[in-house]
Amino acid sequence: MASLFEKDISELRGVGPKRAALFRKIGAPTVGDLLRLYPRAYEDWRDCVPIRSTQLNEINVVRATVLKRPSEARIRGGMTLYKTAATDGEDDLQLTFFNNRYIPNLLEEGKTYVFRGKVTGTLTRREMAAPAFVPESKALDMTPIYPQTEGLSSRQISAAMAEALRLLPETVRDPLPDALRMEYTLCRLEYALKTVHFPRTPEELATARRRLVFEEFLVLQLGMAQIRRAGARENPYPLAKDCTAEFEALLPFEMTGAQKRAVADALCDMNGPHPMNRLIQGDVGSGKTAVAAALCFNVIRNGMQAALMAPTEILAAQHYESLSALLAPADVRTALLTSSTKAKERRALLAALESGEIDLLIGTHALLGEQVSFRRLALVITDEQHRFGVAQRTALAKKGAFPHTLVMSATPIPRTLALMIYGDLDVSVLDELPPGRTPVKTYLIDPQKRRRAFGFLRKQLDEGRQAYIVCPLIEEGESGAENLEEYSRLVGESFPGIQVGVLHGKLKPKAKEAVMAAFAAKDIRLLLATTVVEVGVDVPNATVMMIENAERYGLSQLHQLRGRVGRGKFESSCILVADPENPEALQRLRRFAATNDGFKVADEDLKLRGPGDIFGMMTDMAILREAQRCAKDLSREDPALEQPEHRALRAEIRKLFASQGGTVVL
């Protein structure tokens, strides 16, 4: 069993070296990781109906034979249409596809397919626009939809999954003991894995999901319990004095009540019996950096050092510029360390750090290097927790003798969920926006209004502002770079004389950061991207975020994108361009447009999204509470999980934390 789970993804039939690299990109380097890559949604293809029985303006599933090869036509707005018709022997169905040049090769004349999409038209003429479809021989009752990346479609992932499941032995080693499964009414692992990927009914899917949610959360909670036990040490760095008032005098603004409470809570922790372990969770622009700066200042004024780790070089540089400027008047010595730091400069920096001449070190994962040594590191801050695993956070903390730890996250999630997920952290929530932050106005439009939106965007650029256009994959099977080439032509026609920057998945990290740096420096006025614009990069001059195919994003992801604008003194807008043929998606986007509150968006996202990654499944808090109770019982009865029936669970905990770059001692 272990050999299959540990087998490299490239060894799976149908996955070569190039495709294996794409599987690694989505978090599936091994067959075992692939099997744990759960669908983010499912499409129900169970009820095929005759064309004449389809419900107008509803999603329908139809089995029909293609009558002719799709023909191509150009229309206004730079779009290309492909049209054909299919028949079920009694009636015809008109089919239309947008901007997908592969359609003429994918739909063969005379072959039968199953089509799924919204039916429009009249009582005598039925139509489908951009339906999903599969050859009749490959149709499933419930089709899984997986998280994708450029060059790797959901269908390709599904095919690899089917091959991996085919190789599963009849008896799979189950990390949950039989007695535990019986107590909590959980199915076996083998059944759960096969069913979550290819369920036959919603009831079967619910059974599989319940088991997988329970197991994953149980493993996380048990691992967190181990970290808590290891971290239950005496506080080596209590603060003799509170210097918050001196820090506030440096700020050009008044801190919000939420910021002041977060600082006070953290300082209380730092003077408690154990080292602080706290999460600062706040919406985009809620002022997490100011809280982090206040704590750094307090530590430094008490004669100790602090470190702040950011996920990218450009974000680390941005933190360095803002914090060094803020703290310099108070004679705080700040330094920046990234992989781009020159060797000579690096040697001098490391020597100054070790001797205590540097008070605050800001950087990327370069801070984890073996040669990085502090004189008296008392506070470790990591920005964007989802980019750094628990183990990496622990690795940075090991640079000191059990320093205080602060995690900053800009991904709003409901408080109860935060307390459960970040089981080893106390949680502070910044639920107020600092003065001067203007709410971003959000507009929802259909593709026909794109030209008008471009006119609005052009007006902003003419006034000296900057803008983003996010353009995801338009159709499965097309690479982002190819889509971008076609879309770039449309943008070029609409914005002559404007410096346009391009970001896509094929760019190397250094090239990507160079484009973002040029945008931050105003050398690029309009940024066109296929991938998510870098989280956290602050460009106050950017006032428009235009998102094509907005229905393809989760609400929390849309909220992160919207947060890239509205960061300066100018009124800002977010324009969502969405397919009007999908009523469910439009309803979801209208709710999103109606609020700027990230926590409300997160609650809505949890209600609406499919079962996605395991935390996307967390819509049933009752399961989570059961798993939490089970973890507490196990930790009390067998703290080190040494009993024979718990060894498989212990192995799963090690695997979880090892996948994040480190280990948990058990």
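Under 15 Å of direct C-alpha separation, and excluding same-chain neighbours fewer than eight residues apart, Lys111 reaches these aspartates and glutamates: Asp88, Asp92, Glu136.
Calculate, in nm to one decimal, what Gln499 and Ser322 gain on full extension: separation in residues at 0.36 nm each, minus their alpha carbon distance. Spell out each step's value before the answer.
Details: separation 177, 0.36 × 177 = 63.72 nm, distance 2.66 nm.
Between Gln499 and Ser322, full extension yields 61.1 nm more.
In sequence order, the stretch 571-579 has phi-based couplings of 5, 10, 9, 10, 10, 9, 9, 9, 5 Hz under the Karplus curve 6.51 cos²θ - 1.76 cosθ + 1.60, θ = phi - 60°, and Gly or Pro positions carry x. Inter-label distance, Asp638 to Leu167: 3.0 nm, where each label sits 7 Å from its Cα along the C-beta direction.
Using a 10 Å cut-off around each Cβ, can you sort Arg229, Arg261 from fewest to most neighbouring Cβ atoms?
Working: Arg229 13, Arg261 17.
In increasing order of surrounding Cβ atoms, one gets Arg229, Arg261.
Straight-line reach from Lys399: which aspartates and glutamates have a Cα under 19 Å away, not including same-chain ones fewer than 8 places off? The qualifying aspartates and glutamates are Glu234, Glu354, Glu357, Asp359, Glu370, Asp383. Mark the label point 7 Å from the Cα of Glu43 along Cα→Cβ and return the residues of the stretch 97-122 whose backbone N is within less than 12 Å of it. Label zone hits: 114-118.
Would you mind giving the average projected area, over all directions, of the Cα convex hull of the stretch 1-142 in nm² with one decimal? Write out the running numbers ahead of the final one.
Values: hull surface 44.6 nm².
Dividing the Cα hull surface by four gives the mean projection, 11.1 nm².
Summarising the label geometry, the points placed 7 Å from Cα in the beta-carbon direction at Lys7 and Lys508 lie 3.4 nm from one another.
Between Arg647 and Ala249, what FRET efficiency follows from the Cβ-Cβ distance if R0 is 51 Å, with the result rounded to 0.05? So the FRET efficiency works out to roughly 0.35.
Close amide H contacts of Thr442 (hydrogens built in the peptide plane, cut-off under 5 Å, sequence separation of 5 or more or a different chain): Cys574. Each label was represented as a point 7 Å from its Cα along the Cα-to-Cβ direction; for Ser339 and His274 these points are 3.5 nm apart.
For a 26 Å ceiling on Cα separation, which of these pairs sit above it: Lys288/Lys569; Lys441/Lys522; Lys118/Lys138; Lys449/Lys522; Lys25/Lys512; Lys68/Lys449?
Result: Lys449/Lys522; Lys68/Lys449 exceed 26 Å.
In terms of the Cα gyration tensor, with a ≥ b ≥ c the square roots of its eigenvalues, is the stretch 63-127 rounded because a/c is under 1.5, prolate because a/b exceeds b/c, or oblate?
Because a/c hits 1.5 or more and a/b fails to exceed b/c, the stretch 63-127 counts as oblate.
Karplus-based coupling profile of the stretch 31-46, in residue order and whole Hz: 5, x, 5, 4, 4, 8, 8, 7, x, 8, 6, 9, 10, 8, 10, 6, with θ = phi - 60° in 6.51 cos²θ - 1.76 cosθ + 1.60 and x standing for Gly or Pro.
Read the figures in this text as sums done on the coordinates, not as results from a lab. Note that the structure is a prediction, hence the values are computed from the model and not measured. When we count neighbours, we look across all protein chains shown, and the Cβ atoms used for this are built from the backbone with ideal geometry, even at glycine.
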